[in-house]
Amino acid sequence: MSTNTVTNWFGNIVSHPRVIVDANSVDDIVAVMKDPVKYPSPVRAVGSNHSTAPCGVADGGTLIRMKMNKVLSVGGDSLTVEAGAVHLDMARALQEKNLQFYVNTEIGSLSAGSASCAGTKDASFEGEYGQVGSYVTGVKMVLPSGELLEVTEEAQPELMQKVRSSYGLFGIIYEVTYKIRPLTPMHVHHKTFSLEEFIAALPDLKALDYSMMFYIFPIATCITGEFSNHNLGATVERNHAAWALRNHIWGTSGPHFGHEVEEHTPIPAIRYSIIDAFNAAWRLQLETIVTGDYTLPPDQIIHYPAVSDESRYTFSLFAFSEEDYPAVLTDFFKFCRDYYSQHGYRSNLLYVGYRIAQDQKALLSYSYDGTVMTIDPVSTANPGWEKFLSAYNQFCVDRNGKPLLNQTPGIDSGILQKAYGDRLTAFAATRKQYDPQDRLLNNYFRELLS
């Protein structure tokens, strides 16, 4: 048994690789692939290891930690980087040249390698996608044989579609090229609705073509919408404070507060009344302070410490067709309230949701069949979290929800098959083609693809 112990960023997924390799060059990855005796299977690669599912677990095998993080080139409409580069650093480099990503994802420690082959979630702007990988136009990878392969959207569109949801099962990606755009001012505002008001307003909100994210409060029976759009004609002074406040509460002080209240307030009624008061203040701040006609999209990206601390949080998600979402959301509010009444458990943070446009750029895109909206529980993993997630998973499966392989804990092959059907079968066949010896296949993916 290996004595190496590696956890994901949150700390609740543990891996025991026999060998750990820090990849500082493509040659380091090739050396691993060509020597299965010295570097046993499964071989998995990680960046910030932020996934909430065991994608990067390499029990008894070889874990590659990607240290290659250089920006290789910046053009007018493209960015090429090494796979270990993280999104916050890349966004800052682009901003210096008045450029930006199409999707300025919240988790700033997302690495380029992960973004190019794994699912993400962000609210879509009109006419745009909400998944980071949909704007990845090319990758270079080391195959299980040790050979190098370049895949581009222009030359191999069908293979690129599969690579975008390959989760490192075709090869280890070491270079990534993104499509980028000019830096563009953005309007943002927030509004709070009761559940009934939100459902009634949703058709009109969708017609306004906002990018829409939601903060969901089932116990308080309300929702705060975050509405954004491009604002090319912005003439006011740039607002630096709006996203800084939102990011601090959402990424640092909010989770830390939830953790502290959980630790030091043993009586549930008092504990949750404190959390409810905090959430009410949070809604007020969103509506009154996190607003502006001239903010910059990269300011949405949150800096997370390399090693998590007491402000860490974890999450899950399922996506639902937007046509079904009003009924699903209504059921979910009742589900959360009933679960709390019956089991005494509720999240000590909140829930969020995103509206993500139809997107077929990745074979296993969760919005492949149409625009979706998500329900994402968030927690510091307070006692009862895992049992709650099991019930939440069943709730979502019963309503045709689609999970993410890297961000939905507790899924199995049946859940995945119901969600993705023939696309999952096609993906599994291509995976076997590129990795016939299962060099990259850990137990998690083995079970999901069985």
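The values are calculated or read from the model by the stated rules, or taken from the named source; none is laboratory data. It should be emphasised that the depicted structure is a prediction, and the values quoted were computed from it without experimental measurement. Cβ: placed from backbone, ideal geometry, glycine included. Neighbour counts: every protein chain shown. Side chains included, ligands, DNA and RNA excluded: accessible areas come from the protein's heavy atoms. Shrake-Rupley method; radii C 1.70, N 1.55, O 1.52, S 1.80 Å.
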The stretch 430-450: number of residues that are open to solvent by 90 Å² or more (accessible area, probe 1.4 Å) and under 24 Å from the mean Cα position of the chain (by Cα) = 3
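What residue, of Gly258, Gly254, Gly225, is assigned to a strand (DSSP E or B) and under 26 Å from the mean Cα position of the chain (by Cα)?
Values: Gly258 fails: assigned to a strand (DSSP E or B); Gly254 fails: assigned to a strand (DSSP E or B).
After ruling out the rest, the residue left standing is Gly225.
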ask   = Would you call Gly146 on the phi > 0 side of the Ramachandran plot and assigned to a loop (DSSP other than H, G, I, E, B)?
value = yes
inquiry  = Taking the criterion of being hydroxyl-bearing (Ser, Thr, Tyr), part of a strand (DSSP E or B) and either open to solvent by 30 Å² or more (accessible area, probe 1.4 Å) or within 22 Å of His303 (Cα to Cα) (or both), would at least one residue in the stretch 109-122 satisfy it?
reply    = yes
task = Kindly indicate whether Lys97 is touching an Asp or Glu at 6+ places or on another chain (Cβ under 8 Å) and open to solvent by 20 Å² or more (accessible area, probe 1.4 Å).
result = no
inquiry  = Quick check on the stretch 304-318. Is at least one of its residues open to solvent by 10 Å² or more (accessible area, probe 1.4 Å), of a type in the set (A, V, I, L, M) and farther than 27 Å from Leu405 by Cα?
reply    = no
note = When the stretch 361-390 is checked residue by residue, the ones that are open to solvent by 30 Å² or more (accessible area, probe 1.4 Å) and of a type outside the set (Val, Ile, Thr) are Lys361, Tyr368, Asp369, Ala381, Pro383, Gly384, Glu386, Lys387, Ser390
ask   = Does the stretch 86-108 hold any residues that are without any contact (Cβ under 8 Å) to a residue 40 or more places away in the chain and outside any helix (DSSP H, G or I), and which are they?
value = Val86, Glu96, Lys97, Val103
ask   = Take the residues of the stretch 150-179 that are within 22 Å of Arg423 (Cβ to Cβ) and assigned to a strand (DSSP E or B): which is most open to solvent (accessible area, probe 1.4 Å)?
value = Thr152
key: Search result, residues across the stretch 336-354 that are open to solvent by 60 Å² or more (accessible area, probe 1.4 Å) and in contact (Cβ under 8 Å) with a residue 12 or more places away in the chain   = Arg337, Tyr340, His343
query = Among the residues of the stretch 417-428, is any more than 26 Å from Tyr325 (Cα to Cα) and touching a residue at least 60 places away in the same chain (Cβ under 8 Å)?
reply = yes
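Touching a His at 6+ places or on another chain (Cβ under 7 Å) and assigned to a loop (DSSP other than H, G, I, E, B) - does that describe any residue in the stretch 124-131?
Yes, the conditions are met somewhere in the stretch 124-131.
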ask   = Here is a list of conditions, (1) surrounded by 21 or more Cβ atoms within 10 Å (Cβ to Cβ); (2) within 14 Å of Leu363 (Cβ to Cβ); (3) among the β-branched types (Val, Ile, Thr), and Thr408 meets all of them except one; can you say which number that is?
value = (2)
remark   = Among the residues of the stretch 278-305, the number that are within 27 Å of Gln100 (Cα to Cα), hydrophobic (A, V, I, L, M, F, W, C) and over 17 Å from the mean Cα position of the chain (by Cα) is 4
